[in-house]
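Notes to accompany the following structure.
The values are calculated or read from the model by the stated rules, or taken from the named source; none is laboratory data. No experiment lies behind these values; they were computed from the predicted model shown. Here the Cβ positions follow ideal geometry from the backbone for every residue, glycine too, while neighbour counts run over all protein chains shown.
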Amino acid sequence: MPILPGLELVSFELCPFVQRSIITLYQKNVPFKLTHIDLENPPLWFEEISPMGKVPVLKVGGKDVLFESAVINEFIDEITPPSLHSVDPLVKARDRSWIEFGSEMLGILYVLMVTDSEDYLEEKRFELFEGLGRMEGVLSDDGPFFRGQEFGLVDATWAPFFVRMVLFLDLDALHSAPEWEALPKVRRWSTELLAMESVRKSIPPGFREKSIAYSRDHGSLLIERLGQNN
């Protein structure tokens, strides 16, 4: 294994994109420093190194900076063999496509978590389960991971989605049991990922309570419904 440079991952505590990179680092047993910032009041040094003003940002060796979780994960993967990507160019390209789709799905789930619009809530709820239906069709029959028996970068990408999806299912905020039950491969995939040590370690303390508070503070209709139902 090559000598690893010092790695510092800059994070907002509840960010699912940061969590993707934390999972990858844990999965590959890479030592790193985790630094949390407040994205609503970021320090000047962060504004200077993050051209898009977003997390995650990975500081490498104290001087180089990488941003965007997919880029960071591929860098981590490349410097720490064996790779979590396939060596087959077509399979690798396909995996990258479903990583991008995972980002789109996180965006849909985020809107569901914070929207105060009834119409938007129903629209995004439909899109969420439509997207999960697509995943049901492409997941390996052998399981338990995206490509079968081996954990890969697609799995690291989707695990934070399921952390949040299952939170709201547990809260019964999506009222979604029929749609969820109709996705046996997706449910198996979710269960396997959430049981992994690298995923469990990536979840910050108090995640459930902080996520609910974050959604409530943004006017979440789902959380309002939850309050009415409890």
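The selection criterion, being closer than 24 Å to Gly102 by Cβ and among the aromatic types (Phe, Trp, Tyr), does not hold for Phe46.
From the list Phe168, Phe151, the lone residue that is crowded, with 17+ Cβ neighbours inside 10 Å and not in a helix (DSSP H, G or I) is Phe151.
With the structure loaded, tell me whether Leu221 is closer than 20 Å to Val114 by Cα and either in contact with a Lys or Arg (Cβ under 7 Å, 6 or more places away or on another chain) or surrounded by fewer than 19 Cβ atoms within 10 Å (Cβ to Cβ) (or both) or whether it fails that test. Against the criterion (closer than 20 Å to Val114 by Cα and either in contact with a Lys or Arg (Cβ under 7 Å, 6 or more places away or on another chain) or surrounded by fewer than 19 Cβ atoms within 10 Å (Cβ to Cβ) (or both)), Leu221 qualifies.
If only residues of the stretch 67-91 that are under 17 Å from Phe145 (Cα atoms) and in contact with a helix residue (DSSP H, G or I) (Cβ under 9 Å, 6 or more places away or on another chain) are counted, the one that is surrounded by the most Cβ atoms within 10 Å (Cβ to Cβ) is Leu84.
Residues are listed down the side, and each one gets a yes or a no for (1) over 14 Å from Val91 (Cβ atoms); (2) not hydrophobic (A, V, I, L, M, F, W, C):
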{"residue": "Glu122", "(1), (2)": "yes, yes"}
{"residue": "Phe129", "(1), (2)": "yes, no"}
{"residue": "Leu132", "(1), (2)": "yes, no"}
{"residue": "Met135", "(1), (2)": "yes, no"}
{"residue": "Val138", "(1), (2)": "no, no"}
{"residue": "Asp141", "(1), (2)": "yes, yes"}
{"residue": "Phe145", "(1), (2)": "no, no"}
{"residue": "Glu150", "(1), (2)": "no, yes"}
{"residue": "Pro160", "(1), (2)": "yes, yes"}
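All of (1) farther than 15 Å from Leu9 by Cβ; (2) surrounded by fewer than 17 Cβ atoms within 10 Å (Cβ to Cβ) hold for Leu39 with one exception: (1).
Note on the stretch 186-209: residues that are over 14 Å from the mean Cα position of the chain (by Cα), under 15 Å from Gln19 (Cβ atoms), at pLDDT 95 or above and in a helix (DSSP H, G or I) amount to 1.
What are the residues in the stretch 50-66 that are exposed (fewer than 14 other Cβ atoms within 10 Å of the Cβ) and either over 22 Å from Ser103 (Cβ atoms) or hydroxyl-bearing (Ser, Thr, Tyr) (or both), if any?
Those that are exposed (fewer than 14 other Cβ atoms within 10 Å of the Cβ) and either over 22 Å from Ser103 (Cβ atoms) or hydroxyl-bearing (Ser, Thr, Tyr) (or both): Gly61, Gly62, Lys63, Asp64.
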